[in-house]
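Read through the structure below, which is laid out as structure tokens, and then see the notes.
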Amino acid sequence: MPILQWMTRDRDLKAADTVPYRLLERDAALSVGEAASGNMLIQGDNLEALKSLLPYYRGQVKCIYIDPPYNTRSAFEHYDDSLEHSEWLAMMYPRLELLRELLAEGGSIWVSIDDNEGHYLKVLMDEVFGRANFIDTIIWEKADSPRNSARQFSSDHDFILAYSRQSAWQPFRLPRTEAANSIYSNPDDDPRGPWLPGDPFANKPYSKGLYTIVGPTGRSFKPPEGRYWRISEERLRELDSDGRVWWGPNGSARPSLKRYLAEVSDLVPRTLWKRDEVGSNRTSKNEMRSLFPDEASFDTPKPEAVIQRVLQVASRPGDLVLDSFLGSGTTAAVAHKMGRRWIGIEMGDHAVTHCAPRLRKVIEGEQGGISKTLGWQGGGGFDFYRLGDPVFDTDGTIAADIGFATLAAHIWFSETEVPSPAGGAEFGASPFLGAYDGAGLALLYNGILGDKRVSGGNVLTRTTLAMVRAAAGDFAGPITIYGEANRLGADTLKAERITFKQTPYDVRAR
Ligand SMILES: C[S@@+](CC[C@H](N)C(=O)[O-])C[C@H]1O[C@@H](n2cnc3c(N)ncnc32)[C@H](O)[C@@H]1O
């Protein structure tokens with residue numbers, strides 16, 4: 001397969017492998033609602049953040065929407081959008097690789113872009129996601145008036161490139177809109193309700209499709225040259241006697257087959273997304289202004305309705321949605337209002353100044369964007385994280401100087417799939433880390449029991465088990481214990497309901 005070549009390609013292809021896994025550290029002050037809501041706002045470089053999510057969310061994300069810097073050579077208020085061309089490719093390639101690993105089998109990825117890098121991005125995505133998984137290019141009408149200062153053309157649109165994880169992917173249909181319904185009418189007061197006149201002819205040869213039929217006024221009709229009736233004469237007569245054929249207001253027009261509004265399904269998505277349906281750049285600027293009247297407005301937000309359309313086509317309530325170039329937080333806000341679980345990653349300070357406050361407002365019932373059309377009333381929560389220490393060396397072994405609390409937080413995340421409430425700050429005094437969903441978790445590491453000798457406190461024995469049980473207090477359920485070695489027999493482990501896992505081998509790095 002032809003591929004795109006650039007100077008540092010060989011090194012860039014390894015970037016996703018060599019970046020370290022870091023811990024996610026929760027910031028309680030910026031989080032909203034109960035800890036471990038499942039929605040995550042992460043501040044940090046998305047290469048590292050995506051890598052850190054990989055052990056827990058590999059293959060679980062249903063829909064990824066990203067709106068990376070377009071490389072427009074602009075310095076926006078909140079981020080710089082002028083990388084050298086091959087630096088942009090180097091930035092995108094490893095991130096796309098990680099995003100692909102996070103996608104669920106039935107998942108899809110949607111990437112906003114324009115002409116600066118769009119065609120290079122298509123070639124990169126063909127390579128990473130496979131040409132057979134290309135879904136389509138959406139044209140979003142972003143401008144609502146021409147820019148007369150344009151050097152050549154005033155650009156009216158952005159692209160959204162869509163790829164699926166597997167080629168069998170199917171979009172969900174869109175709910176019917178009033179505009180789509182308004183073309184149906186009921187000139188003959190048909191009790192089945194409004195209908196559209198459907199073409200009775202087809203181009204495909206049909207053995208029973210060549211006949212002449214006489215209408216109510218005695219006029220006869222036959223298919224035009226080279227075409228056929230799409231149903232037999234017998235079937236047409238049946239439909240006519242049931243009132244499902246339209247012969248025009250005077251009964252003298254060629255017959256049409258009525259297509260009833262009540263019988264048509266939801267709408268198949270189309271590739272042209274017009275501003276009167278999903279809003280334009282002006283819409284998103286207004287959304288920003290009403291969200292942040294006093295802040296420096298974020299320069300390049302997307303309208304909520306654009307992201308809503310992506311999520312309507314590519315996800316269902318409860319699905320996990322990811323945006324790793326979160327900007328002002330639009331994808332997270334829309335996913336939240338639509339009942340999806342979400343992860344948003346943004347490296348700029350606006351993760352704190354824009355994303356977190358915007359999402360807090362959403363949870364409080366903010367009424368801008370798509371809120372009114374959804375009847376959004378507020379609710380839910382999210383956790384704010386920053387990237388902490390690397391947990392593993394690049395070869396996947398536990399970093400030599402890693403402390404108890406850091407490893408405990410990592411193990412907690414890996415066993416429960418939710419970060420620990422205090423991001424590790426709560427660990428360090430006890431080998432018992434806590435209970436989650438009825439199961440306990442303990443770690444014997446770094447001499448937590450005061451004995452750093454080989455075969456000492458890091459080994460599971462009757463004595464250390466008794467100490468873990470004592471530390472667990474009232475908790476009497478099954479416990480998974482991580483330690484350097486185990487000296488208990490299978491029968492004892494079974495009777496005590498202990499699952500033993502060995503550090504470092506059973507600590508998941510990937
Ligand atoms: C075009 S904006 C996204 C706008 C967003 N769709 C919205 O509606 O607000 C691109 C964002 O990606 C962020 N970004 C760029 N490189 C990044 C990286 N390596 N990791 C995380 N965020 C990054 C920028 O700071 C910027 O906020």
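Work through the residues other than ALA314 whose Cβ is under 13 Å from its Cβ and net out their charges, Lys, Arg +1 and Asp, Glu -1. The partial results should precede the final answer.
On the way: positive: LYS62, ARG165, ARG173, ARG309, ARG316, ARG340; negative: ASP136, ASP319, ASP323.
My count for the surroundings of ALA314 gives +3.
Quick one: angle between helix 118-129 and the longest Cα principal axis of the chain, in degrees between 0 and 90, rounded to 10, please.
Here the helix axis deviates by roughly 60 degrees.
How big is D, in µm² s⁻¹, for the chain by Stokes-Einstein at 25 °C and 0.890 mPa s if Rh is the Kirkwood radius over C-alpha pairs?
On the way: Rh = 26.8 Å.
Rounded to a whole number, D works out at 91 µm²/s.
Counting only residues 5 or more places away or on other chains, whose amide H sits under 5 Å from the amide H of LEU433 once H atoms are built in the peptide plane?
For LEU433, the qualifying residues are LEU441, ALA442, LEU443.
Of the accessible area of the chain, with the probe set at 1.4 angstrom, what percent is carbon plus sulfur?
Values: 11840 of 24110 Å².
Percent of accessible area from carbon and sulfur atoms in the chain: 49.
With +1 on each Lys and Arg Cβ and -1 on each Asp and Glu Cβ, how big is the dipole of the chain about its Cα centre, in debye rounded to the nearest 20? Intermediate results must be reported in sequence, preceding the final value.
Numbers: 59 positive and 68 negative charges, 327 e Å.
It comes to approximately 1580 debye.
Go through GLY473, ASN250, ALA202 and say which Cα lies farthest out towards the positive end of the charge dipole of the chain; charges sit on Cβ, +1 for Lys and Arg, -1 for Asp and Glu.
Of the candidates, ASN250 comes out farthest on the positive side.
What residues have an amide H closer than 5 Å to that of ASP389, excluding those fewer than 5 places away on the same chain, when H is modeled at 1.01 Å from N in the peptide plane?
LEU23
For the pair THR397 and GLU496, how long in nm is the line joining their label points, each one 7 Å along Cα→Cβ?
The answer from the label model is 2.9 nm.
Any idea what angle helix 404-416 forms with the longest principal axis of the chain, computed on alpha-carbon atoms, 0 to 90 degrees, nearest 10?
Helix 404-416 and the main axis of the chain meet at about 40 degrees.
Would you kindly derive the ³J(HN,Hα) couplings of region 135-141 from the backbone phi angles with the Karplus curve 6.51 cos²θ - 1.76 cosθ + 1.60 (θ = phi - 60°), listing them in order in whole Hz, with x for Gly and Pro?
Each residue of region 135-141 in turn: 8, 4, 10, 8, 9, 9, 7 Hz.
What lysines sit close enough to LYS258 to cross-link, taking a C-alpha to C-alpha distance under 22 Å and skipping anything fewer than 8 places away on the same chain?
LYS204, LYS208, LYS222
Provide the per residue accessible area, probe 1.4 Å, for region 178-263, rounded to a whole number of square angstrom. Kindly include the intermediate steps, with their values, before the conclusion.
On the way: 5380 Å² over 86 residues.
About 63 Å² of surface per residue is accessible.
Given a cut-off of 21 Å, name the pairs among LYS285/LYS372; LYS62/LYS372; LYS51/LYS285; LYS302/LYS361; LYS142/LYS302; LYS142/LYS337 whose C-alpha atoms lie farther apart than that in the structure shown.
Working: LYS285/LYS372 18 Å; LYS62/LYS372 25 Å; LYS51/LYS285 32 Å; LYS302/LYS361 18 Å; LYS142/LYS302 9 Å; LYS142/LYS337 23 Å.
Cα-Cα > 21 Å for LYS62/LYS372; LYS51/LYS285; LYS142/LYS337; rest within.
Between region 58-90 and region 204-219, what is the separation of their alpha carbon centroids in Å?
Centre-to-centre (Cα) distance: 59 Å.
Need the C-alpha centroid separation for region 96-114 versus region 327-377, integer Å.
If you average the Cα positions of each part, the centres end up 21 Å apart.
Once ligands and nucleic acids are excluded and a 1.4 Å probe is used, how much of GLU48 is accessible, expressed in Å² to the nearest 10?
Spelled out: GLU48, probe radius 1.4 Å, area about 40 Å².
Suppose only helical runs count, i.e. DSSP H with n ≥ 4. What mean residue ellipticity at 222 nm does that imply for the chain under -39500 (n - 2.57) per run, divided by all residues and rounded to the nearest 500 deg cm²/dmol? Don't jump to the answer; show the numbers that get you there.
Working: 16 runs with 140 residues, N = 510.
Calculated from helices alone, the mean residue ellipticity at 222 nm is -7500 deg cm²/dmol.
Going by Cα centres, region 8-26 and region 125-164 are how many Å apart?
28 Å
Given a 1.4 Å probe and heavy atoms of the protein chains only, how would you sort MET40, MET7, largest accessible area at the top? Show your work: numbers first, answer last.
Numbers: MET40 5, MET7 185 Å².
So, going from the largest accessible area down, we get MET7, MET40.
Using θ = phi - 60° and the Karplus relation 6.51 cos²θ - 1.76 cosθ + 1.60, list the HN-Hα couplings for region 330-340 in order, rounded to whole Hz, with x at every Gly or Pro.
Calculated HN-Hα couplings, in order: 4, 4, 5, 4, 5, 4, 4, 5, 8, x, 8 Hz.
Can you list the aspartates and glutamates whose alpha carbon sits under 13 Å from that of LYS122, skipping same-chain ones fewer than 8 residues off?
Within reach: ASP114, ASP136.
Relative to the Cα centre, what is the charge dipole magnitude of region 178-263, using +1 at the beta carbon of each Lys and Arg, -1 at the beta carbon of each Asp and Glu, and rounding to the nearest 20 debye? Spell out each step's value before the answer.
Working: 13 positive and 12 negative charges, 84 e Å.
Taking the Cα centre of region 178-263 as origin, the dipole is about 400 debye.
The values are calculated or read from the model by the stated rules, or taken from the named source; none is laboratory data. Just so it is clear, the structure is predicted and the values come from calculations on it, not from any experiment. Glycine also receives a Cβ, built like all others from the backbone with ideal geometry; neighbour counts cover every protein chain displayed. Remember, those area values only see protein heavy atoms, side chains included, never the ligands or the DNA or RNA. Shrake-Rupley method; radii C 1.70, N 1.55, O 1.52, S 1.80 Å.
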